[in-house]
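The values are calculated or read from the model by the stated rules, or taken from the named source; none is laboratory data. Model, not experiment: these values are computed from the prediction. Positions of Cβ are generated from backbone atoms using ideal geometry, with glycine treated the same way; all protein chains shown enter the neighbour counts. Side chains are part of the model used for accessible areas, which takes the heavy atoms of the whole protein and leaves out ligands, DNA and RNA. Shrake-Rupley method; radii C 1.70, N 1.55, O 1.52, S 1.80 Å.
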Amino acid sequence: MTMGCKRNLILLKIWKITYRLQGQSLDHFLSRYFHGTELIHSSPRTAAASIYHLVAKAYRRTHLKAVEIRYNPLKRLREGLHSMDAVVLASIQGLERASMHYRINTGILFSMGKELSLENNQAILQAAIEFGCRGPLKGAHGVVGLDMAGPESLKRDTDTSWLREIAALMHKGREKGLKITYHVGETDHSGPD
């Protein structure tokens, strides 16, 4: 089981124990959880430091050989205080530092959002393409892929016109050498009926 899967299971358990008992939805719980982490990592300085420390801690605990970090760069801009380029560049610099220090392969997956507009998802794709061209430096590979995540309660995964638009964006990313992941079927709101 991957670290991401374990984290998702832990979050679901916390939700079931606390918020569900209070009548709160999973979407409400996750929005509060991720809002805090997005604020904490919302500057170039904190992006570089947090990514470095995340890789360092993972390496020291498990001696892994490679790690990919997933995040949505648009949610790290502190409502326009910072540019996406500045936050992404700082993130890559944190990865490069960790890769050189621990001799580990690293990469970033940019998470697009089901709750975001097509224009915002296009901006994330464009940044992934631009920063995916940096090439590896001592094991740090920069942006290596795209991810689609977000609240399944929006039922975007069953909206064929939205899926066509997102598929076109993902295809552009794949043409530029980016890998693709997609979160679907993790709750009762999507998946086969």
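For the range 159-193, give me each residue that is modelled with pLDDT under 80 and either surrounded by 14 or more Cβ atoms within 10 Å (Cβ to Cβ) or charged (D, E, K, R) (or both).
Residues satisfying the conditions are H183, V184, E186, T187, D188, H189, S190, D193.
Could you pull out the residue among I129, I108 that is part of a helix (DSSP H, G or I), touching a Lys or Arg at 6+ places or on another chain (Cβ under 8 Å) and at pLDDT 90 or above?
Of I129, I108, the one residue that is part of a helix (DSSP H, G or I), touching a Lys or Arg at 6+ places or on another chain (Cβ under 8 Å) and at pLDDT 90 or above is I129.
W162 fails exactly one of the following numbered conditions: (1) over 22 Å from A48 (Cβ atoms); (2) touching a Ser or Thr at 6+ places or on another chain (Cβ under 9 Å). What is the number of that condition?
Every condition holds for W162 apart from (2).
Check S99, S111, S117, S91 and return the single one that is free of Cβ contacts under 8 Å to residues at least 12 places away in the same chain and not hydrophobic (A, V, I, L, M, F, W, C).
Just one listed residue meets the conditions, S117.
Here are some residues: T2, T62, T46. Which one is out of contact with any strand residue (DSSP E or B) (no Cβ under 6 Å at 6 or more places or on another chain), among the β-branched types (V, I, T) and modelled with pLDDT under 65?
Residue meeting the stated conditions: T2.
Checking the condition in a loop (DSSP other than H, G, I, E, B), in contact with a Gly (Cβ under 9 Å, 6 or more places away or on another chain) and open to solvent by 10 Å² or more (accessible area, probe 1.4 Å), which residue from E115, E68 passes?
E115
Taking the range 144-158, which residues are touching a helix residue (DSSP H, G or I) at 6+ places or on another chain (Cβ under 8 Å) and either open to solvent by 60 Å² or more (accessible area, probe 1.4 Å) or free of Cβ contacts under 8 Å to residues at least 24 places away in the same chain (or both)?
R156
Give the residues of the range 89-105 that are open to solvent by less than 10 Å² (accessible area, probe 1.4 Å) and not in a helix (DSSP H, G or I), sorted by residue number.
Of everything in the range 89-105, just one residue is open to solvent by less than 10 Å² (accessible area, probe 1.4 Å) and not in a helix (DSSP H, G or I), namely I104.
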